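Q: Shown below is the structure under consideration.
The values are calculated or read from the model by the stated rules, or taken from the named source; none is laboratory data. Just so it is clear, the model here is predicted, and its values are computed rather than measured. In this analysis, Cβ positions are derived from the backbone assuming ideal geometry, glycine residues included, and neighbour counts consider all displayed protein chains. Calculation scope for accessible area: heavy atoms of the full protein, side chains included, ligands and nucleic acids excluded. Shrake-Rupley method; radii C 1.70, N 1.55, O 1.52, S 1.80 Å.
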Amino acid sequence: MSVIEIRDLHVSVETDQGTKPILKGVNLTINTGETHAIMGPNGSGKSTLAYTIAGHPKYTVDSGSITLDGEDVLSMTVDERARAGLFLAMQYPVEIPGVTVTNFLRTAKTAIDGEAPGIRGWMKDVKGAMDNLRMDSSFAARNVNEGFSGGEKKRNEILQLELLKPRFAVLDETDSGLDVDALRVVSEGVNRAKENTGLGVLLITHYTRILRYIKPDFVHVFVNGRVAEEGGSELADRLEDEGYDRFLTETYVS
């Protein structure tokens, strides 16, 4: 079993108005095989946590720690984090002109494993994963995310998840922009990856609809850069009924 431990994490970002604190003492422990959902209103720090785990240079860690099986994640470069088993599915996947999906996937797999996968077996795996995600085989020869719809970009993110087999996946609002059918297909991909590899999942979302397909073991409510409440899947149901108004009090606003 592997574990990510986040302890008293404080993160800020530079803005035109100066340094802005975003995360204000986040504590979180995620084991492989667990699904954690992070929910909260806009601007509460959910995506900041995701990008801090991944190593985005925009965000400055002022104090606190992130460790993976006791190893200091914050001292790792972005590629070292990926090789250590961390994966980020972005809310807004970027286009990579001139790089085909096939070349991107095989290059990433080679970088993570330290050796290139065998062509025949790899292409079989790619085709199988694309079929499961209902992606037309023509996408393999297209440039990464170039001209893709929102739903196609999200399926491509989960394609990477299934093929790269990380230990932990951070899914930043993977449900945004998906219709009902695409949401179900993407969710099935996440569940399949978890079943096949036992990965830990940190799922960031505003809404409970994806949690009907990806069942969380733990739900964490983010408000103003902190975890305001934690619970099981029943907490998500309560949020569906009540919203976040009860958290938006001076108790949680600094």
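Q: Condition first: touching a strand residue (DSSP E or B) at 6+ places or on another chain (Cβ under 9 Å) and either free of Cβ contacts under 8 Å to residues at least 40 places away in the same chain or surrounded by fewer than 14 Cβ atoms within 10 Å (Cβ to Cβ) (or both). Can you find one or more residues in region 30-40 that meet it?
A: no
Q: Hand me the list of strands (runs of 3 or more DSSP E) wholly inside region 197-254 holding 1 or more residues that are open to solvent by less than 10 Å² (accessible area, probe 1.4 Å), aliphatic (A, V, I, L, M) and at pLDDT 95 or above.
A: 200-205, 218-223
Q: Return the residues of region 169-196 that are surrounded by 19 or more Cβ atoms within 10 Å (Cβ to Cβ) and of a type outside the set (Val, Ile, Thr); say none if nothing qualifies.
A: Within region 169-196, Ala169, Leu171, Asp172, Glu173, Asp175, Leu178, Ala182, Leu183, Ser187, Gly189, Ala193, Lys194 meet the criteria.
Q: Mind telling me which of the residues Ile66, Ile112 ends up being touching a residue at least 12 places away in the same chain (Cβ under 8 Å) and in a strand (DSSP E or B)? If you could, list the steps in order and put the result at the bottom.
A: On the way: Ile112 fails: in a strand (DSSP E or B).
Of the residues listed, the single one that is touching a residue at least 12 places away in the same chain (Cβ under 8 Å) and in a strand (DSSP E or B) is Ile66.
Q: OK, next. What is the one condition in (1) among the small types (Gly, Ala, Ser); (2) closer than 29 Å to Ser12 by Cβ; (3) over 13 Å from the mean Cα position of the chain (by Cα) that Ser233 does not satisfy?
A: Answer for Ser233: the failing condition is (2).
Q: Suppose we keep only residues that are touching a strand residue (DSSP E or B) at 6+ places or on another chain (Cβ under 8 Å) and either farther than 17 Å from Glu157 by Cβ or of a type in the set (A, V, I, L, M) (or both) within region 95-114. Which one would you say is surrounded by the most Cβ atoms within 10 Å (Cβ to Cβ)?
A: Step by step, filter region 95-114, then rank; the result is Val101.
Q: Inspect all residues belonging to region 41-63 and state whether any of them is part of a loop (DSSP other than H, G, I, E, B), open to solvent by 50 Å² or more (accessible area, probe 1.4 Å) and among the hydroxyl-bearing types (Ser, Thr, Tyr).
A: So far as region 41-63 goes, no, none of its residues is part of a loop (DSSP other than H, G, I, E, B), open to solvent by 50 Å² or more (accessible area, probe 1.4 Å) and among the hydroxyl-bearing types (Ser, Thr, Tyr).
Q: Now a separate question. Name every residue in region 206-232 that is of a type in the set (Ser, Thr, Tyr) and touching a helix residue (DSSP H, G or I) at 6+ places or on another chain (Cβ under 7 Å), in order of residue number.
A: Thr208, Tyr213
Q: Another question about this same structure. Restricting the search to region 115-133, which residues are surrounded by 13 or more Cβ atoms within 10 Å (Cβ to Cβ) and not in a helix (DSSP H, G or I)? I'd like the intermediate steps shown before the answer.
A: Step one: list which residues in region 115-133 are surrounded by 13 or more Cβ atoms within 10 Å (Cβ to Cβ), which gives 117, 122-123, 125-127, 129-130, 132-133.
Within region 115-133, Pro117, Leu133 meet the criteria.
Q: Step by step: first the residues of region 84-94, then only those that are surrounded by 15 or more Cβ atoms within 10 Å (Cβ to Cβ) and of a type outside the set (A, V, I, L, M), then the one that is nearest to the chain's Cα centre (by Cα). Which residue is that?
A: If we take residues in region 84-94 being surrounded by 15 or more Cβ atoms within 10 Å (Cβ to Cβ) and of a type outside the set (A, V, I, L, M), then Phe87 is nearest to the chain's Cα centre (by Cα).
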